[in-house]
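Note sheet for the following structure.
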Amino acid sequence: MGESIRNEKDANQATAEFINFARAVKKDHLNSSISLDLSHIGLLISKELAMENLKAICEEAGKMNQEVIISMEGKDRTDSILEVYKETLKTHKNLGITLQAYLERTKDDFKEVSQLSGSIRMVKGAYETARGLSIERGDKLDEIYLGYVEKLLTNNHKCAIASHDEKIYKQTIALIEKYKPTNYVMERLLGIRNEEFQKYKDDGYNCRIYIVYGKEWYLYLCNRWAEYPLNIFQGIADMVSERTISDTDYCF
(Lines give C-alpha, C1' and ligand atoms only; values in the text may rest on other atoms or scores of the structure.)
Protein backbone atom coordinates (compact mmCIF):
# COMPACT_ATOMS: atom_id res chain seq x y z
CA MET A 1 0.00 0.00 0.00
CA GLY A 2 1.27 3.44 -0.84
CA GLU A 3 1.05 6.25 -3.37
CA SER A 4 1.80 9.93 -3.90
CA ILE A 5 5.34 9.78 -2.51
CA ARG A 6 7.11 13.11 -2.93
CA ASN A 7 10.70 12.44 -1.92
CA GLU A 8 13.30 10.26 -3.61
CA LYS A 9 14.34 8.39 -0.48
CA ASP A 10 10.85 7.01 0.16
CA ALA A 11 10.38 6.20 -3.53
CA ASN A 12 13.61 4.22 -3.57
CA GLN A 13 12.66 2.41 -0.36
CA ALA A 14 9.36 1.37 -1.92
CA THR A 15 11.24 0.19 -5.00
CA ALA A 16 13.55 -1.90 -2.82
CA GLU A 17 10.52 -3.49 -1.18
CA PHE A 18 9.08 -4.52 -4.56
CA ILE A 19 12.45 -5.95 -5.58
CA ASN A 20 12.68 -7.91 -2.32
CA PHE A 21 9.23 -9.31 -3.03
CA ALA A 22 10.28 -10.37 -6.53
CA ARG A 23 13.29 -12.16 -5.05
CA ALA A 24 11.08 -13.93 -2.52
CA VAL A 25 8.85 -15.08 -5.36
CA LYS A 26 11.86 -16.50 -7.18
CA LYS A 27 13.05 -18.27 -4.04
CA ASP A 28 9.68 -19.85 -3.23
CA HIS A 29 8.49 -20.36 -6.85
CA LEU A 30 5.22 -18.52 -6.23
CA ASN A 31 2.76 -18.03 -9.07
CA SER A 32 2.10 -14.33 -8.67
CA SER A 33 2.45 -10.86 -10.13
CA ILE A 34 3.33 -7.44 -8.72
CA SER A 35 0.92 -4.50 -8.85
CA LEU A 36 2.10 -0.99 -8.07
CA ASP A 37 1.32 2.72 -8.36
CA LEU A 38 3.93 4.72 -10.23
CA SER A 39 3.49 7.55 -7.72
CA HIS A 40 4.69 5.05 -5.10
CA ILE A 41 8.07 4.77 -6.85
CA GLY A 42 8.71 8.36 -7.83
CA LEU A 43 6.33 9.61 -10.54
CA LEU A 44 5.50 12.83 -8.65
CA ILE A 45 9.22 13.57 -8.37
CA SER A 46 10.03 12.88 -12.01
CA LYS A 47 9.03 10.51 -14.78
CA GLU A 48 12.70 9.61 -15.15
CA LEU A 49 12.94 8.41 -11.54
CA ALA A 50 9.71 6.42 -11.83
CA MET A 51 10.92 4.78 -15.04
CA GLU A 52 14.33 3.96 -13.58
CA ASN A 53 12.72 2.32 -10.54
CA LEU A 54 10.10 0.54 -12.63
CA LYS A 55 12.77 -0.96 -14.88
CA ALA A 56 14.69 -2.21 -11.83
CA ILE A 57 11.55 -3.93 -10.55
CA CYS A 58 10.72 -5.42 -13.96
CA GLU A 59 14.29 -6.66 -14.32
CA GLU A 60 14.16 -8.57 -11.05
CA ALA A 61 10.61 -9.84 -11.62
CA GLY A 62 11.55 -11.00 -15.11
CA LYS A 63 14.06 -13.47 -13.72
CA MET A 64 11.09 -15.54 -12.52
CA ASN A 65 8.92 -14.72 -15.53
CA GLN A 66 6.82 -12.63 -13.15
CA GLU A 67 4.53 -9.91 -14.42
CA VAL A 68 4.47 -6.31 -13.15
CA ILE A 69 1.15 -4.44 -13.47
CA ILE A 70 0.98 -0.65 -13.25
CA SER A 71 -2.15 0.53 -11.43
CA MET A 72 -4.04 3.58 -12.63
CA GLU A 73 -4.43 6.67 -10.46
CA GLY A 74 -6.26 10.00 -10.73
CA LYS A 75 -7.03 11.39 -14.18
CA ASP A 76 -4.40 14.12 -13.82
CA ARG A 77 -1.73 11.39 -13.82
CA THR A 78 -3.06 9.25 -16.66
CA ASP A 79 -0.93 10.74 -19.43
CA SER A 80 2.29 10.43 -17.43
CA ILE A 81 1.47 6.87 -16.40
CA LEU A 82 0.80 5.82 -19.99
CA GLU A 83 4.00 7.51 -21.20
CA VAL A 84 6.13 5.66 -18.65
CA TYR A 85 4.34 2.40 -19.45
CA LYS A 86 4.80 2.60 -23.21
CA GLU A 87 8.46 3.57 -22.95
CA THR A 88 9.31 0.87 -20.39
CA LEU A 89 7.43 -1.82 -22.32
CA LYS A 90 9.92 -1.39 -25.17
CA THR A 91 12.61 -3.06 -23.04
CA HIS A 92 10.60 -5.05 -20.47
CA LYS A 93 7.92 -7.29 -21.92
CA ASN A 94 6.71 -8.50 -18.51
CA LEU A 95 4.87 -5.22 -17.95
CA GLY A 96 1.14 -4.51 -18.00
CA ILE A 97 -1.18 -1.55 -17.46
CA THR A 98 -4.52 -0.88 -15.78
CA LEU A 99 -7.30 0.97 -17.63
CA GLN A 100 -10.37 2.54 -16.03
CA ALA A 101 -13.56 1.91 -17.99
CA TYR A 102 -15.40 4.87 -16.46
CA LEU A 103 -13.20 7.52 -18.10
CA GLU A 104 -14.45 8.92 -21.38
CA ARG A 105 -10.87 9.03 -22.67
CA THR A 106 -10.39 5.28 -22.17
CA LYS A 107 -11.97 4.43 -25.54
CA ASP A 108 -8.98 6.11 -27.21
CA ASP A 109 -6.42 4.82 -24.70
CA PHE A 110 -7.77 1.28 -25.14
CA LYS A 111 -7.36 1.41 -28.92
CA GLU A 112 -3.71 2.37 -28.53
CA VAL A 113 -2.76 0.15 -25.60
CA SER A 114 -4.49 -2.96 -26.98
CA GLN A 115 -2.15 -2.80 -29.97
CA LEU A 116 0.80 -3.33 -27.63
CA SER A 117 1.96 -6.65 -26.20
CA GLY A 118 1.52 -5.80 -22.52
CA SER A 119 -1.24 -7.19 -20.34
CA ILE A 120 -4.31 -5.00 -19.71
CA ARG A 121 -6.09 -5.00 -16.38
CA MET A 122 -9.63 -3.65 -16.67
CA VAL A 123 -11.28 -1.94 -13.70
CA LYS A 124 -14.35 0.27 -13.55
CA GLY A 125 -12.51 3.14 -11.84
CA ALA A 126 -13.32 5.25 -8.81
CA TYR A 127 -11.38 8.53 -8.73
CA GLU A 128 -13.55 11.64 -8.83
CA THR A 129 -13.41 13.71 -12.02
CA ALA A 130 -14.90 16.93 -13.37
CA ARG A 131 -18.33 16.67 -14.99
CA GLY A 132 -18.25 15.16 -18.45
CA LEU A 133 -14.96 13.31 -18.03
CA SER A 134 -16.31 10.07 -16.61
CA ILE A 135 -19.37 7.81 -16.56
CA GLU A 136 -21.36 7.15 -13.40
CA ARG A 137 -21.68 3.62 -12.08
CA GLY A 138 -24.71 1.81 -13.38
CA ASP A 139 -25.95 -0.19 -16.35
CA LYS A 140 -24.26 2.08 -18.91
CA LEU A 141 -20.84 1.69 -17.29
CA ASP A 142 -21.34 -2.07 -16.94
CA GLU A 143 -22.07 -2.29 -20.66
CA ILE A 144 -18.98 -0.26 -21.52
CA TYR A 145 -16.79 -2.31 -19.18
CA LEU A 146 -18.01 -5.58 -20.68
CA GLY A 147 -17.41 -4.17 -24.15
CA TYR A 148 -13.73 -3.74 -23.33
CA VAL A 149 -13.62 -7.20 -21.77
CA GLU A 150 -15.18 -8.78 -24.86
CA LYS A 151 -12.62 -7.15 -27.16
CA LEU A 152 -9.78 -8.48 -25.00
CA LEU A 153 -11.22 -11.99 -24.82
CA THR A 154 -12.08 -12.08 -28.52
CA ASN A 155 -8.45 -11.33 -29.41
CA ASN A 156 -7.05 -13.48 -26.58
CA HIS A 157 -5.11 -10.42 -25.43
CA LYS A 158 -3.46 -11.04 -22.08
CA CYS A 159 -5.75 -9.43 -19.54
CA ALA A 160 -7.16 -9.31 -16.03
CA ILE A 161 -10.86 -8.73 -15.40
CA ALA A 162 -10.95 -7.10 -11.97
CA SER A 163 -14.36 -6.82 -10.31
CA HIS A 164 -16.44 -7.76 -7.28
CA ASP A 165 -19.68 -7.55 -9.25
CA GLU A 166 -21.28 -10.97 -9.73
CA LYS A 167 -23.28 -9.72 -12.71
CA ILE A 168 -20.04 -8.72 -14.41
CA TYR A 169 -18.47 -12.11 -13.74
CA LYS A 170 -21.47 -14.08 -14.96
CA GLN A 171 -21.40 -12.20 -18.25
CA THR A 172 -17.62 -12.51 -18.43
CA ILE A 173 -17.90 -16.27 -18.04
CA ALA A 174 -20.44 -16.34 -20.87
CA LEU A 175 -17.88 -14.53 -23.02
CA ILE A 176 -15.13 -16.93 -21.98
CA GLU A 177 -17.32 -19.88 -22.95
CA LYS A 178 -18.05 -18.22 -26.30
CA TYR A 179 -14.51 -17.22 -27.32
CA LYS A 180 -12.42 -19.83 -25.43
CA PRO A 181 -9.53 -17.47 -24.54
CA THR A 182 -6.53 -18.78 -22.62
CA ASN A 183 -4.75 -15.53 -21.77
CA TYR A 184 -7.09 -14.11 -19.16
CA VAL A 185 -7.50 -14.05 -15.39
CA MET A 186 -10.39 -12.95 -13.22
CA GLU A 187 -9.25 -10.90 -10.24
CA ARG A 188 -10.74 -10.06 -6.86
CA LEU A 189 -9.51 -8.54 -3.61
CA LEU A 190 -8.71 -10.80 -0.69
CA GLY A 191 -11.58 -10.73 1.80
CA ILE A 192 -14.41 -9.70 -0.52
CA ARG A 193 -16.76 -12.53 -1.50
CA ASN A 194 -13.91 -14.99 -1.89
CA GLU A 195 -16.12 -18.04 -1.33
CA GLU A 196 -17.99 -17.24 -4.55
CA PHE A 197 -14.67 -16.67 -6.26
CA GLN A 198 -13.42 -20.09 -5.19
CA LYS A 199 -16.34 -21.63 -7.06
CA TYR A 200 -15.14 -20.06 -10.30
CA LYS A 201 -11.67 -21.51 -9.72
CA ASP A 202 -13.15 -24.91 -8.92
CA ASP A 203 -15.04 -24.75 -12.21
CA GLY A 204 -11.75 -24.33 -14.07
CA TYR A 205 -11.63 -20.57 -14.68
CA ASN A 206 -8.38 -18.65 -14.25
CA CYS A 207 -8.61 -16.71 -10.97
CA ARG A 208 -6.25 -14.52 -8.99
CA ILE A 209 -6.59 -13.03 -5.51
CA TYR A 210 -5.30 -9.46 -5.15
CA ILE A 211 -3.47 -9.13 -1.81
CA VAL A 212 -2.34 -5.83 -0.33
CA TYR A 213 0.05 -5.18 2.53
CA GLY A 214 1.89 -2.28 4.09
CA LYS A 215 1.55 0.47 6.67
CA GLU A 216 -0.54 2.96 4.69
CA TRP A 217 -3.73 0.95 5.14
CA TYR A 218 -6.04 3.87 5.95
CA LEU A 219 -5.72 5.61 2.57
CA TYR A 220 -6.11 2.29 0.79
CA LEU A 221 -9.27 1.49 2.78
CA CYS A 222 -10.71 4.92 1.98
CA ASN A 223 -10.03 4.41 -1.74
CA ARG A 224 -11.75 1.02 -1.77
CA TRP A 225 -14.65 2.40 0.24
CA ALA A 226 -15.05 5.30 -2.19
CA GLU A 227 -14.92 2.88 -5.11
CA TYR A 228 -17.91 0.92 -3.85
CA PRO A 229 -19.26 1.74 -0.35
CA LEU A 230 -20.96 -1.64 0.04
CA ASN A 231 -17.51 -3.26 0.07
CA ILE A 232 -17.05 -2.23 3.68
CA PHE A 233 -20.28 -3.95 4.73
CA GLN A 234 -19.40 -7.05 2.73
CA GLY A 235 -16.02 -7.14 4.43
CA ILE A 236 -17.62 -6.91 7.88
CA ALA A 237 -20.15 -9.60 6.96
CA ASP A 238 -17.38 -11.92 5.76
CA MET A 239 -15.37 -11.25 8.93
CA VAL A 240 -18.32 -12.02 11.20
CA SER A 241 -19.13 -15.15 9.21
CA GLU A 242 -15.57 -16.44 9.49
CA ARG A 243 -15.44 -15.66 13.18
CA THR A 244 -18.69 -17.52 13.79
CA ILE A 245 -17.27 -20.58 12.06
CA SER A 246 -13.81 -20.66 13.59
CA ASP A 247 -13.99 -18.33 16.61
CA THR A 248 -10.76 -16.73 15.38
CA ASP A 249 -9.95 -13.06 15.79
CA TYR A 250 -9.62 -11.06 12.57
CA CYS A 251 -8.67 -7.49 11.88
CA PHE A 252 -8.57 -5.30 8.76
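Details
- Candidate set: the range 33-70, residues that are crowded, with 17+ Cβ neighbours inside 10 Å and hydroxyl-bearing (Ser, Thr, Tyr); chosen: the one farthest from Ala22 (Cα to Cα): Ser39
- Pairing residues of the range 158-170 that are closer than 12 Å to Tyr184 by Cβ with residues that are of a type in the set (Ser, Thr, Tyr) and buried (at least 16 other Cβ atoms within 10 Å of the Cβ), at Cβ distances under 6 Å and at least 6 apart in sequence or on separate chains, gives Lys158/Ser119; Cys159/Tyr184; Ile161/Thr172.
- Members of the range 1-18 that are among the aliphatic types (A, V, I, L, M) and crowded, with 17+ Cβ neighbours inside 10 Å: Ile5, Ala11, Ala14
- Set side by side, the residues Ile176, Ile161, Ile144 differ, and just one is over 23 Å from Tyr85 (Cα atoms) and open to solvent by less than 30 Å² (accessible area, probe 1.4 Å), which is Ile176.
- Ala101 vs. criteria more than 26 Å from Leu146 (Cα to Cα) and modelled with pLDDT of 95 or more: no
- Candidate set from the range 177-221 (those that are of a type in the set (S, T, N, Q) and in a helix (DSSP H, G or I)); member that is modelled with the highest pLDDT: Gln198
- Of the residues examined, Ala126 is not one that is under 30 Å from Thr91 (Cα atoms) and touching a residue at least 60 places away in the same chain (Cβ under 8 Å).
- Contact map, the range 20-46: first residue over 16 Å from Ala56 (Cα atoms), second residue part of a helix (DSSP H, G or I) and aromatic (Phe, Trp, Tyr), Cβ cut-off under 9 Å, separation 6 or more or different chains; pairs are Ser32/Phe21.
The values are calculated or read from the model by the stated rules, or taken from the named source; none is laboratory data. On a predicted model such as this, the values are computed, not experimentally measured, just so you know. FYI the Cβ positions are ideal-geometry reconstructions off the backbone, even for glycines, and counts take in every protein chain you see. All accessible areas refer to the heavy atoms of the entire protein, side chains included, with ligands and DNA or RNA removed. Shrake-Rupley method; radii C 1.70, N 1.55, O 1.52, S 1.80 Å.
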